[in-house]
Amino acid sequence: MTIADYASLLVDAGEYSGRNDIAHLFPRFIGLAELKLNRFLRVAEMELVGTVTVTNGAGTLPADFLEAREVKNANGLPIRAVSLQQLTESYAGRSGVPAGYAIVGSTINVRPLGDGDLTITYYGKLPGLTRSTPSNWLLEKAPDAYLYALVEEIAIWERDIDKAGAATQLKMIALSGLKIGDERSRWGNAQVVVGGPTP
């Protein structure tokens, strides 16, 4: 299957769904499909590194932020994620180099209170497909996942439960293959290490 770009994705989606008559709605369907894909996918291609400037213990996360993988303080040391309550209780009134963080909405809160830059490795949202941005890493790597996600949205709009169910199954098979490939590329040669004391 070769779906080179946004335009060819729309053509194929129209053919697969049998609905070339609603092409003007396809951008909306792509947006809905990408919302669902962002909720489900967490693969290496989504990993980004950014800097967040913290003032008085709070900083604004990147606009495309989905989930943190690692957060490091200005000294380059990883800091741990904790609940907001624990963050507040454990570091109440203290200032210094951040040792813990909690995310509230689009803000990262660190304690002890301080100023400086954090380095965040995080999962970022899919770059949205549009006419002016006709491709992204997912379309290049798993065009079938995009196609079935779009056909699923068309079927939902049509209120066709059978078509939506079939498209959902095909989409999930494509995404499962993508995730398996991601795990193999990351951990294929990894050795199992059993923790704890040894006799």
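Quick notes
- Angle between the chain longest axis and helix 6-17 axis [Cα atoms, degrees, rounded to 10]: 60 degrees
- Straight-line cross-link partners of Lys36 among the lysines, defined as a Cα under 24 Å from its Cα and at least 8 positions apart when in the same chain: Lys125, Lys141, Lys163, Lys171, Lys179.
- Sites Ala58 and Glu183 - FRET efficiency at Förster radius 22 Å, r taken between beta-carbons, to 0.05: 0.05
- Dipole of the range 61-184, positive direction: furthest Cα of Leu126, Val82, Ile103, with charges on the beta-carbon: Val82
- Within the chain: Cβ-based charge dipole about Cα centre, in debye rounded to nearest 20 (Lys, Arg +1; Asp, Glu -1): 580 debye
- Reduced Cα scattering model of the chain, Debye log10 I(q)/I(0), q = 0.11, 0.15 Å⁻¹: -0.67, -0.94
- Rh (Kirkwood; distinct C-alpha pairs) - the range 45-124, Å: 12.3 Å
- Listed peptides 82-95, 99-112, 123-136 by packing density, highest first (mean Cβ within 10 Å): 99-112, 123-136, 82-95
Taken together, the values in this text are just the output of simple stated rules run on the coordinates, not laboratory data. Keep in mind the model is a prediction, meaning the values are calculated, not measured. A quick note on method: Cβ atoms are made from the backbone with ideal geometry, for glycine too, and the neighbour counts reach across all protein chains shown.
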